[in-house]
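Everything on this sheet refers to the single structure shown next.
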Amino acid sequence: MEITTIRRNSLLIAFVQEKEIVIKDIQSALDLLATVWYETGSNYLIITKESITEDFFVLSTRLAGEILQKFINYNIKVAITGDYSGYTSKPLKDFIYECNNGKDIFFLSTIEEAIDKFTQAFNPVRLNAGKFHGLGDDTIGFKALNTADAAAIHEYASDPEVSRYIGWRLMKSQDETYQHVETMIKRETELIQLYASVYLRETGEIIGTVMLFHMELEAANAEIGYVFRKDAWGKGYGSRSIALISDFVFNTLKFHRLYANVAAENVGSGKILLKNGFLLEGRLKDHYLVEERYCDRLIYGKLATI
């Protein structure tokens with residue numbers, strides 16, 4: 001039996017390449033699990049349907065249910081690839097449909113589909129989005145963006161002084177801010193990005209927005225962004241937020257590098273990055289055009305501690 005590994009983004013996937021039947025019964029399935037784990041250490045397995053006895057696909061034998069329960073018990077995600085068009089059994093078709101809408105077992109046509117399914121469904125960023133939205137300390141907390149908070153966000157999104165050095169355009173109306181919040185929520189759902197509103201624990205009021213974007217799973221790096229209401233400046237909220245995000249990026253996502261792009265004139269932003277262990281890595285001359293004036297782009301970075 002030949003077992004190869006496929007690394008896609010941050011996932012290590014085991015692929016069983018075997019023309020002969022590998023899974024004949026429950027014991028052979030357990031033997032396969034043990035071999036895959038010993039040789040690869042992966043919790044993600046792709047196997048072709050030709051490597052599984054046909055009795056598996058006759059649900060009345062109960063073989064499929066018993067074997068797949070073993071996979072679930074041992075926390076192994078499995079994709080079985082092949083052509084299922086020849087099966088006419090409605091119970092089997094319903095079973096495949098239910099599995100494909102679950103989170104542990106998938107019946108797919110090709111190996112590439114299986115790889116895509118694993119990388120999308122078990123993307124570490126998406127899996128830990130809830131944790132990101134729940135970050136906090138004794139002073140501030142994060143929560144998921146919500147259009148119900150658009151009015152509070154509009155307070156700083158419509159402030160020219162606040163928006164001067166960030167990537168957002170100046171919001172001229174609450175409707176515009178509402179649409180912008182909708183866009184960020186959509187980006188978080190569709191892309192590899194994370195956003196959160198920052199609120200004060202004492203009062204519950206929203207004072208800013210933080211984000212992780214330009215995430216590269218293969219290289220394990222991400223860009224951090226943040227914006228705060230003007231009356232929240234200079235009170236340590238930005239520094240606290242960066243500390244929380246840094247811990248999340250390095251200890252939960254297990255990323256290698258976190259970085260920020262800052263306009264040189266945005267001195268306060270640079271200071272709180274340095275305070276949180278970021279280093280000034282470089283400068284791009286006249287990179288930004290701010291209020292009809294060019295300013296330099298400063299690149300700050302921080303690496304995971306080995």
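Worth pointing out:
- Whole-Hz Karplus values for the range 124-140 come out as x, 5, 5, 5, 10, 4, x, 5, 4, 5, x, 5, x, 9, 6, 10, 10 Hz, taken residue by residue from phi with 6.51 cos²θ - 1.76 cosθ + 1.60 and θ = phi - 60°; glycine and proline positions read x.
- Cα extents for the chain along the principal axes, largest to smallest and rounded to whole angstrom: 70, 40, 38.
- Semi-axes of the equivalent ellipsoid for the range 171-306, Cα gyration tensor, largest first, Å: 22, 20, 17
- Shown in residue order for the range 285-295 are the 3J(HN,Hα) couplings computed by the Karplus curve 6.51 cos²θ - 1.76 cosθ + 1.60 at θ = phi - 60°: 5, 6, 7, 9, 10, 10, 6, 6, 10, 7, 9 Hz (x for Gly and Pro).
- Of the peptides 130-141, 233-244, the order by per-residue mean of other Cβ atoms within 10 Å, starting with the highest, comes out as 233-244, 130-141.
- Between the range 87-125 and the range 227-287, the alpha-carbon center distance in angstrom: 40
- Computed [θ] at 222 nm, helices only, for the chain once each DSSP H run of length n ≥ 4 contributes -39500 (n - 2.57): -10000 deg cm²/dmol
- In the chain, the longest principal axis of the Cα atoms and the axis of helix 111-121 are about 40 degrees apart.
- When each of 70/143; 230/254; 172/275; 143/275 is checked by Cα-Cα distance, pairs over 29 Å: 70/143; 230/254; 172/275
- Rounded to the nearest Hz, the phi-derived 3J(HN,Hα) couplings of the range 36-52 under the Karplus curve 6.51 cos²θ - 1.76 cosθ + 1.60 (θ = phi - 60°) are 4, 5, 5, 7, 10, x, 8, 9, 10, 10, 10, 9, 7, 5, 5, 8, 10, where x marks glycine and proline.
- Amide H contacts of residue 256: 221, each under 5 Å away and 5 or more positions distant or on a separate chain (H built 1.01 Å from N in the peptide plane; Pro and chain starts excluded).
- Taking only protein heavy atoms and a 1.4 Å probe, the accessible area of the chain is 49% carbon and sulfur.
- Average accessible surface for the chain: 52 Å² per residue, computed with a 1.4 Å probe over protein heavy atoms with every protein chain in place.
- R0 of 41 Å, Cβ-Cβ distance residue 112-residue 148: FRET efficiency to nearest 0.05: 0.55
- Relative packing of 195-201, 183-189, which averages over residues the other C-beta atoms within 10 Å, highest first: 195-201, 183-189
- Note on the chain: with charges restricted to the Cβ of Lys and Arg (+1) and Asp and Glu (-1), its dipole about the Cα centre is near 700 debye.
- For the chain, averaging the sequence separation of C-alpha pairs within contact (under 8 Å, six or more residues apart) and dividing by the residue count gives a relative contact order of 11 percent.
- Rounded, prolate or oblate (a/c below 1.5 giving rounded, otherwise prolate when a/b exceeds b/c) for the range 83-139 by Cα gyration tensor: oblate
- When 285, 77, 172 are compared by accessible area of protein heavy atoms, the largest-first order is 172, 285, 77, using a 1.4 Å probe.
- In the range 47-204, Cα pairs under 8 Å separated by at least six residues give a relative contact order of 18 percent.
- Between residue 60 and residue 174, the simple spin-label model (points 7 angstrom out along Cα→Cβ) gives 6.5 nm.
- Virtual spin-label span in nm between residue 239 and residue 17, 7 Å along Cα→Cβ: 5.5
The values are calculated or read from the model by the stated rules, or taken from the named source; none is laboratory data. None of the values given here were measured: they were computed from a predicted structure. Please note: Cβ atoms are built from the backbone with ideal geometry, for glycine as well, and neighbour counts cover all protein chains shown. Only protein heavy atoms, including side chains, enter the accessible area calculation; ligands, DNA and RNA are left aside. Shrake-Rupley method; radii C 1.70, N 1.55, O 1.52, S 1.80 Å.
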